[in-house]
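A.B. asks: This structure is in structure tokens; I'll ask about it shortly.
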Amino acid sequence: MRTSNMFVRSLGVFVPDIVTVEQAAREGLYPAAEIERFQQIGAAVAGDVPAPEMARRAVLDAYERWGESSPRELDLLLYPSVWHQGPNGWQPQHYLQMHLLGGHVPAFEIRSGCVGMISSLELAASYLQADQRRETAMVVSADNHGTPLVDRWRMTPGAVIGDAACALVLGKEYGMAELLAVNATTIPEADAVNDGGYPLFPPDATVGRGLSFGDRHEEFRQRLLKAHGTGIHLTIQKTMMQQVEQTLDEAGIGLADVTRVAFPHGRREDLDGQMSWLGIDEDQTTWDYGRRVGHCGAVDQFIAFEHLVATGGLVAGDHLLMVGFGSGTSVAAAAFRVLSTTPVTKGSVTRGARA
């Protein structure tokens, strides 16, 4: 979807302290032999801070650092999540309404896996474009994976799982970056990639079954080999490239114009494949940051975005491409043009002309 006059007004994050893989190895949590092999550095670990509280802190960070007005002035709140947020039957967005927004702001939880932040941007932009009276929307996501059903150090071979939150305020008039285009799609034939062959009922969490993506991906691979082969992996690759090409075309830019590409924080071998598909180098990616904090659910590309802006990795005039993958299997992409790395107000930033 090509977006018109859609701007990132602010970005806020909550990234807890890092536990290194060396420390985890000393405690018997991470295989010491894998430190050099997989090149992971650590994971952000939130301890007992609930995910909705992490989200609240990210929202406050977005408003305090970028000079935004009250979150009670929002027209929409979308809360994508990946892992369990709190008590069963309870909605995390209501926590933000109680502590920050009030009840008049429409608020919804979104469940689209690790592409949740990107796909929610598409929903938020559509919502704002549908009515000229709607001015701002927030997309916020948070996950704390430190629960008994997750082993963050071994759940995905070659990667580690982190905890983090990010809040993004999207508006029509101005911002620190322009959202040029965003797209999300699903590959239905890859629906079973993460189900592990388990029954849909009763749900895993209700019977105490842990989550191991390594085991589930291997089960899916073996299932494909016994059936009709592994062609689905080519379909996933092709769909990813189609999403990237469509997004760049709608944004009016090409890959040569992209300064940085933000992928999910995962395995180095996956990154190598993604770089090969797009024809980019490691220093154009967010790999070095991602391997320090781990795979943090739906916020990976967005906390990397904030990190790049804060550390000078992106400056005014640069373009950022986000590429996302989620269970299902879903694929998403978004393109941004950076306008400013400091707080902005209406009229203070000149919108970049599209090609």
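The values are calculated or read from the model by the stated rules, or taken from the named source; none is laboratory data. Quick caveat: nothing in here was measured; it's all calculated off a predicted structure. Reconstructed Cβ throughout: ideal geometry from the backbone, glycine too, with neighbour counts over all protein chains shown. Note: areas computed on protein heavy atoms with side chains; ligands, DNA, RNA excluded. Shrake-Rupley method; radii C 1.70, N 1.55, O 1.52, S 1.80 Å.
A.B. asks: Mind grabbing the accessible area of PHE336 for me, 1.4 Å probe, Å², rounded to tens?
C.D. replies: 0 Å²
A.B. asks: Give the ranking of HIS104, HIS265, HIS307, HIS94 by solvent-accessible surface, highest area first, calculated with a 1.4 Å probe.
C.D. replies: HIS104, HIS94, HIS307, HIS265
A.B. asks: If CYS114, CYS296 are ordered by their accessible area, calculated over protein heavy atoms with a 1.4 Å probe, which sequence runs from highest to lowest?
C.D. replies: Output order, biggest surface exposure first: CYS114, CYS296.
A.B. asks: Taking the Cα centre of segment 115-164 as origin, sum charge times position over the Cβ atoms of Lys and Arg (+1) and Asp and Glu (-1), and report the length of that vector in debye to the nearest 20.
C.D. replies: Taking the Cα centre of segment 115-164 as origin, the dipole is about 40 debye.
A.B. asks: Still on this model: Got a sec to turn the phi values of segment 134-142 into Karplus ³J(HN,Hα) couplings, 6.51 cos²θ - 1.76 cosθ + 1.60 with θ = phi - 60°, whole Hz, x for Gly and Pro?
C.D. replies: Along segment 134-142, the couplings run 7, 10, 9, 9, 10, 10, 9, 9, 8 Hz.
A.B. asks: Still on this structure, please answer the following. Assign one of three labels to segment 235-321, namely rounded, prolate or oblate, based on the Cα gyration tensor with a ≥ b ≥ c the square roots of its eigenvalues; rounded applies when a/c is under 1.5, prolate when it is not and a/b is larger than b/c, and oblate otherwise.
C.D. replies: oblate
A.B. asks: Under unit Cβ charges (Lys, Arg +1; Asp, Glu -1), what dipole magnitude, rounded to 20 debye, does segment 235-301 have relative to its Cα centre?
C.D. replies: Dipole about the Cα centre, nearest 20: 280 debye.
A.B. asks: Further question on the same structure: For a quick check of understanding: with a 1.4 angstrom probe and all protein chains in place, what accessible area in square angstrom does THR341 have, to the nearest ten?
C.D. replies: 60 Å²
A.B. asks: Can you find, among LEU308, VAL338, ALA205, the residue sitting farthest towards the positive end of the charge dipole of the chain, where Lys and Arg contribute +1 and Asp and Glu -1 at Cβ?
C.D. replies: It is VAL338, whose Cα lies furthest towards the positive end.
A.B. asks: For segment 1-81, what does the alpha-carbon gyration tensor say about shape, rounded, prolate or oblate, given a ≥ b ≥ c as the root eigenvalues, a/c under 1.5 as rounded, and a/b over b/c as prolate?
C.D. replies: Prolate shape, in that a/c is at least 1.5 and a/b is the bigger ratio.
A.B. asks: Hey, if you put +1 on the Cβ of every Lys and Arg and -1 on every Asp and Glu Cβ in the chain, which of PRO50, SER70, PRO87 ends up farthest toward the positive end of that dipole?
C.D. replies: Selected residue: SER70.
A.B. asks: Counting DSSP beta bridges with both partners in the chain, what percentage is antiparallel, nearest 5?
C.D. replies: 75 percent
A.B. asks: Ok, one more. Given H placed on each backbone N at 1.01 Å, which residues far from ILE110 in sequence or on other chains put an amide H within less than 5 Å of it?
C.D. replies: Answer set, sorted by chain and number: TYR79, SER81.
A.B. asks: Which sequence of ASP163, ASP257 reflects their accessible areas, 1.4 Å probe, from the largest down? Don't jump to the answer; show the numbers that get you there.
C.D. replies: On the way: ASP163 0, ASP257 80 Å².
Accessible-area ranking of ASP163, ASP257, largest first: ASP257, ASP163.
A.B. asks: Another question, then. For segment 77-119, what does the alpha-carbon gyration tensor say about shape, rounded, prolate or oblate, given a ≥ b ≥ c as the root eigenvalues, a/c under 1.5 as rounded, and a/b over b/c as prolate?
C.D. replies: Cα axes put segment 77-119 in the oblate bin.
A.B. asks: Heavy atoms only, probe 1.4 Å: what % of the accessible area of the chain goes to carbon and sulfur, would you let me know? Before the final figure, lay out the partial values.
C.D. replies: Values: 7660 of 15100 Å².
In the chain, the share of accessible area belonging to carbon and sulfur is 51 percent.
A.B. asks: Another question, if that's okay. Give, rounded to the nearest 20 debye, the magnitude of the charge dipole that segment 1-75 has about its Cα centre when Lys and Arg contribute +1 at Cβ and Asp and Glu contribute -1 at Cβ.
C.D. replies: Dipole of segment 1-75, to the nearest 20 debye: 300 debye.
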